[in-house]
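Step one of this worksheet: look at the structure below.
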Amino acid sequence: MDNRNAYELRETGFHPAATKHYEGAFAQGSGYLHIRGSFEEGLLAADQNEEYMRLPANVTVEKPRHPRSKYGTYVPGVTGNHPLLKEELVNLPNPLAFRVFSGKEGLDMDESNIWDYTRSLNLKNGVLTRSFVWNPKAGGSVGCRYERFVSRRRPGLIVQKMTYTALSGKTPLRFVNDIDEQVKTNGYNHFTEVKKGVRNERVEVGVVTDNGDSVYLSSRAFSDQILFTRDSLNPVTVSEVYLRQGESVTIYKLSAVCTSRDPDGGAGFPKLTERLAKAAKACGRLYTENEAEWNALWEQAAVTIEGDEKAQRAVNFSLYHLMRSASPTDDRIAVCAKGFAGEAYFGHFFWDTELYLLPFFLYNFPDTAKNLASFRVRTLEGAKENARAYGYAGARYPWESSVSGLEQCPNWQYADNEIHITADVVFGLWHYYRATGDEAFLLNAAPVFTETARYWLDRVEYRADGSVHLNGVMGPDEYICFCNDSAYTNTMVKFALGKTLEALSLLREKDPRAYEALSVDRDFLERAELVREKLPVHRREDGVILQCEDFERFEEPHFERFWPDRSKHFGAVVSQERNYRVKALKQPDVLMLPYLFPKRYREEEIEKNIDYYLPYTTHDSSLSAIIHSILFARLGKEEEAYDFFARGLDIDLDEQTGGAAEGIHIANCGGVWQALVFGFAGMLPAYESETPVFAPKLPKEWKSLSFRIVYRGRRYQVSISENNADITEL
Ligand code: BGC
């Protein structure tokens, strides 16, 4: 990927093999609506309507279909039911569709004669621009320029502008404005109803998903110079122009989307017609008002690195996608693992939300963070249902969540065993409370604390010798799929139970009636204290924390023999059977603990654990590199910290590996922000400190690092140079 300035992501020359990668990297969105960076005219060779049965698989090593291109139009929360993958985010009809013909030839990036192709995404305002010269087979030469954005001011509105200029010769052009409803989600048809038509000059599509969500899309192309009219055969609008040398035509296309999940119930086509009419009237302002919204976001969230342009650009890319993907207004959704930029992981929400994403929002946009935290409070009923289904009391949060909070993970290993999510949720709520001081929220969330505690009290095993254990779990390292007393899981459960007791005593003091309503009795309180105290975290004598009780009995992975080609994931070259019985780590597990709780662990202890676990760690998960960067930065091991940071920056930007093809690794984006603030700037998280405290250790080449944070309702400007932090309240 060739980049111009720190806020521009550029593809120079059309790279057919990287089409899907750019579709992900160039994803645009507003929190309400997201679209992948596909071409307006699509690609002839890439059928978007292929039906197939995608099987549940480990998506890290899966070879996905759609090698060339995958359209994606997503409204978070609009879901469908897949017979094997469970509830998934539905890929909606593609409102970008706009085709152009010269004679019989339809413009196609693969087939047509194209020159001087560049495409770039302006990260500052979310505008995607593509320009190239097309020499149609029938003669002439046309300069083509496409610009588009998803409006941040008017959620659900997409603005496109197309300009065609005859550079030489005379060129007849024919335009087709469409909404392409011939799309599938992971090869599956989730539409139980599809209606398409043209009303006045608008193309309208309405679909109902098999989950009962209705979605309406309406689109209008117009121009000062030419008229679009209904096509006599198809539900599209069309227009024609004959350009002489030097002449050009500019066309706008406005599309609006609404759904039955909207607060006003979607209101259907009449509402969209009204919105489109208003937008058309304000056409001149749409660009600047969108830019103003983005500017306001950047004003808070920009992180400025002096002395490292490459890193700056990649950081901007991560921040852009973070700001794009979360909804500032909707607490019925979280951010899915692919940042709503692809269909891997089916639009599900993971622990990524609490551990990787929440901090960025907490310390920049606490209102958005509140939505993410509220999402878990809202889905408590689903979590209770999960506990019931597994035969336990209380609430068990799903490893993979959709809108209901019911377990959506299609793979048994993770669904059954990766139960640390239930403690991670409480950790996230507590972090929200500590970072914002929002006591009312905490008190309101008390049932999540007590119900999840009830689950733990039922899920643990109490032995006759008085010991307590949590067996048959999967920690963050998904390559050990079943183990006893996982250090990470137990530490988080202890944390969650401790905070439950704290939250309860606060509630008792502040709102005795609400406390009574929770019916916590003495037995509950005593057992919560007992389990909190007794759950073991095993250590070797030399201080190495054991990932699980029997970690040392797992076999050596013999990477030199079984993993000679490090360009591939370890998980992709060994069988699952071998993987599950050796000490290969997919991602940090024990090392998550010093990352989360910097004040609890001594430096020698952290170093010892890094020395032990790092050689076993494959980094097959994109959630891995950035945690190591943070640990090394805190230890002052600048080179290692920077190396891992750079690996994190590359994950979605490396065209060779096609990192963004299936969507954005949004947890890593959140990790990038954390590496800057918790790593290089050394900020203590708010659950470990009353005030913002920094212990900066910048990479040598960096002259300075500056950013803003919001901490307990106060805004600060932080400027770090020569490892001194200058903190000014704003
Ligand atoms: C990782 C999980 C993560 C999930 C979604 C997996 O590959 O192992 O930790 O939650 O991806 O990002």
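Can you find, within the range 338-348, the residue that is farthest from Cys409 (Cα to Cα) among those that are buried (at least 24 other Cβ atoms within 10 Å of the Cβ) and near the ligand (Cβ under 9 Å from one of its atoms)? I'd like the intermediate steps shown before the answer.
Restricting attention to the range 338-348, the residues satisfying the condition of being buried (at least 24 other Cβ atoms within 10 Å of the Cβ) are 338-343, 346-348.
Pick out the ones that are also near the ligand (Cβ under 9 Å from one of its atoms) and you get 338, 348.
Details: Lys338: 15, His348: 8 Å.
Applying the filter and picking the extreme gives Lys338.
How many of the residues in the range 57-77 are within 15 Å of the ligand (Cβ to nearest atom) and either open to solvent by 40 Å² or more (accessible area, probe 1.4 Å) or not in a loop (DSSP other than H, G, I, E, B) (or both)? Full working, then the answer.
Residues of the range 57-77 within 15 Å of the ligand (Cβ to nearest atom): 57-62, 64.
If we keep only those that are either open to solvent by 40 Å² or more (accessible area, probe 1.4 Å) or not in a loop (DSSP other than H, G, I, E, B) (or both) too, we end up with 61-62, 64.
Residues meeting the conditions: 3.
Against the list (1) surrounded by 24 or more Cβ atoms within 10 Å (Cβ to Cβ); (2) within 16 Å of the ligand (Cβ to nearest atom); (3) closer than 29 Å to Trp702 by Cβ, the condition Asp589 fails is (3).
Can you list the strands (runs of 3 or more DSSP E) lying wholly within the range 125-220 that have 3 or more residues being within 30 Å of Ala6 (Cα to Cα)?
Working: elements: 127-134, 141-150, 157-168, 171-177, 191-199, 202-209.
Once the strands (runs of 3 or more DSSP E) in the range 125-220 are filtered for at least 3 residues that are within 30 Å of Ala6 (Cα to Cα), what remains is 127-134, 141-150, 157-168.
Restricting the first member to the range 416-432 and to residues that are in contact (Cβ under 8 Å) with a residue 24 or more places away in the chain and over 16 Å from Thr500 (Cα atoms), and the second to residues that are open to solvent by 10 Å² or more (accessible area, probe 1.4 Å) and hydrophobic (A, V, I, L, M, F, W, C), the beta-carbon pairs closer than 6 Å and six or more apart or on different chains are Asn417/Phe482. Looking only at residues of the range 344-356 that are under 11 Å from the mean Cα position of the chain (by Cα) and part of a loop (DSSP other than H, G, I, E, B), we find that the one that is nearest to Ser402 (Cα to Cα) is His348. Residue count for the range 564-602, restricted to those that are charged (D, E, K, R) and under 28 Å from Pro359 (Cβ atoms): 5. For Glu662, the conditions (1) open to solvent by less than 10 Å² (accessible area, probe 1.4 Å); (2) within 16 Å of the ligand (Cβ to nearest atom); (3) not in a helix (DSSP H, G or I) all hold with the exception of (1).
Apart from one condition, Thr304 fits all of (1) touching a Ser or Thr at 6+ places or on another chain (Cβ under 7 Å); (2) open to solvent by less than 10 Å² (accessible area, probe 1.4 Å); (3) within 30 Å of Ser721 (Cβ to Cβ); the exception is (2).
Condition first: within 16 Å of the ligand (Cβ to nearest atom) and assigned to a strand (DSSP E or B). Can you find one or more residues in the range 89-104 that meet it? Full working, then the answer.
Within the range 89-104, the subset within 16 Å of the ligand (Cβ to nearest atom) is 89.
Add one more test, that the residue is assigned to a strand (DSSP E or B), and what stays is 89.
For the range 89-104, residues within 16 Å of the ligand (Cβ to nearest atom) and assigned to a strand (DSSP E or B): present.
Sub-9 Å Cβ pairs linking a first residue in the range 114-135 that is at pLDDT below 95 to a second residue that is assigned to a strand (DSSP E or B) and crowded, with 20+ Cβ neighbours inside 10 Å, at least 6 apart or interchain, number zero. Just one of the numbered conditions (1) open to solvent by 60 Å² or more (accessible area, probe 1.4 Å); (2) over 14 Å from Ile480 (Cβ atoms); (3) touching a strand residue (DSSP E or B) at 6+ places or on another chain (Cβ under 7 Å) is not true of Glu556: (2).
Among residues belonging to the range 631-650 that are open to solvent by less than 10 Å² (accessible area, probe 1.4 Å) and in contact with a Pro (Cβ under 9 Å, 6 or more places away or on another chain), point out the one that is farthest from Arg313 (Cα to Cα). Quick ask: steps written out before the conclusion?
Keep residues of the range 631-650 that are open to solvent by less than 10 Å² (accessible area, probe 1.4 Å), which gives 631, 633, 641, 645, 648.
Restricting the remaining residues to those that are in contact with a Pro (Cβ under 9 Å, 6 or more places away or on another chain) gives 631, 633, 641, 645.
Values: Leu631: 23, Ala633: 20, Ala641: 18, Phe645: 13 Å.
Only one residue fits best here, namely Leu631.
Which of the residues belonging to the range 572-586 are hydrophobic (A, V, I, L, M, F, W, C) and either open to solvent by less than 10 Å² (accessible area, probe 1.4 Å) or touching a residue at least 60 places away in the same chain (Cβ under 8 Å) (or both)? If the condition is that a residue be hydrophobic (A, V, I, L, M, F, W, C) and either open to solvent by less than 10 Å² (accessible area, probe 1.4 Å) or touching a residue at least 60 places away in the same chain (Cβ under 8 Å) (or both), then Ala572, Val582, Ala584, Leu585 are the ones that fit. Scanning the range 105-132 for residues that are open to solvent by 30 Å² or more (accessible area, probe 1.4 Å) and more than 26 Å from Leu319 (Cβ to Cβ) yields Asp110, Glu111, Asn113, Ile114, Trp115, Asp116. One residue alone among Asp611, Asp654 is open to solvent by 40 Å² or more (accessible area, probe 1.4 Å), more than 16 Å from the ligand (Cβ to nearest atom) and assigned to a helix (DSSP H, G or I), and that residue is Asp611.
Of these, Glu451, Glu461, which one is farther than 23 Å from Ala584 by Cα, without any contact (Cβ under 8 Å) to a residue 12 or more places away in the chain and surrounded by fewer than 24 Cβ atoms within 10 Å (Cβ to Cβ)? If you could, list the steps in order and put the result at the bottom.
Details: Glu451 fails: without any contact (Cβ under 8 Å) to a residue 12 or more places away in the chain.
The conditions single out Glu461.
Filtering Leu530, Leu518, Leu504 for residues that are in contact with a Ser or Thr (Cβ under 9 Å, 6 or more places away or on another chain) and either open to solvent by less than 20 Å² (accessible area, probe 1.4 Å) or under 23 Å from Gln547 (Cα atoms) (or both) leaves a single hit, Leu504.
Based on this model, can you work out whether Ser621 counts as open to solvent by less than 10 Å² (accessible area, probe 1.4 Å), touching a residue at least 40 places away in the same chain (Cβ under 8 Å) and of a type in the set (Ser, Thr, Tyr)? Lay out the reasoning, then the answer.
Values: open to solvent by less than 10 Å² (accessible area, probe 1.4 Å): no; touching a residue at least 40 places away in the same chain (Cβ under 8 Å): yes; of a type in the set (Ser, Thr, Tyr): yes.
So Ser621 does not fit the description; no.
Taking the condition within 30 Å of Gln28 (Cα to Cα) and part of a helix (DSSP H, G or I), does Gly679 pass? Taking the combined requirement at face value, the residue satisfies it.
The values are calculated or read from the model by the stated rules, or taken from the named source; none is laboratory data. These figures come from a predicted structure and were not determined experimentally. Because the Cβ atoms are built from the backbone with ideal geometry, glycine has one as well, and the counts that use them run over all protein chains shown. The accessibility values were calculated without ligands, DNA or RNA, using every heavy atom of the protein model including side chains. Shrake-Rupley method; radii C 1.70, N 1.55, O 1.52, S 1.80 Å.
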